[in-house]
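Enquirer: I'd like to ask you about the structure that follows.
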Amino acid sequence: MKCPLCKAPMFEEELAYVVQLEDGHELRLEDVPTWVCERCDHTAVDEAVIVTIEDMLAHIDSFSHSEEE
């Protein structure tokens with residue numbers, strides 16, 4: 001994979017990924033597969049990983065709402 005900013009090669013590394021929740025809190029996910037540019041340190045996450053994270057967040061949201069009832 002090439003960096004969209006500087007066109008240098010990117011390598012995959014597992015990094016922390018922070019998600020801003022609607023209520024203002026942050027959720028820190030560890031060991032998320034992330035592409036990192038070897039030249040400019042730009043990071044990117046594959047669409048499939050983003051979809052998985054969004055699905056997980058949707059389940060957390062529905063779980064927290066069912067606890068409130």
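Enquirer: Out of curiosity, is LEU29 out of contact with any Asp or Glu (no Cβ under 9 Å at 6 or more places or on another chain) and farther than 20 Å from MET1 by Cα? Full working, then the answer.
Expert: Details: out of contact with any Asp or Glu (no Cβ under 9 Å at 6 or more places or on another chain): yes; farther than 20 Å from MET1 by Cα: yes.
For LEU29, the condition - out of contact with any Asp or Glu (no Cβ under 9 Å at 6 or more places or on another chain) and farther than 20 Å from MET1 by Cα - is met.
Enquirer: Name the single residue that is nearest to the chain's Cα centre (by Cα) among those in segment 1-20 being assigned to a strand (DSSP E or B) and touching a residue at least 24 places away in the same chain (Cβ under 8 Å).
Expert: This residue is TYR17.
Enquirer: Name the single residue that is modelled with the highest pLDDT among those in segment 5-18 being exposed (fewer than 14 other Cβ atoms within 10 Å of the Cβ), closer than 17 Å to ILE53 by Cα and among the hydrophobic types (A, V, I, L, M, F, W, C).
Expert: My answer is ALA16.
Enquirer: Go over the candidates ASP23, ASP41 one by one and state the one that is at pLDDT below 95, more than 12 Å from the chain's Cα centre (by Cα) and not in a helix (DSSP H, G or I).
Expert: On the way: ASP41 fails: at pLDDT below 95.
Of the residues listed, the single one that is at pLDDT below 95, more than 12 Å from the chain's Cα centre (by Cα) and not in a helix (DSSP H, G or I) is ASP23.
The values are calculated or read from the model by the stated rules, or taken from the named source; none is laboratory data. In this text the structure is predicted, and so the values were computed from the model without any measurement. Every residue, glycine among them, receives a Cβ derived from its backbone with ideal geometry; neighbour counts consider all protein chains shown.
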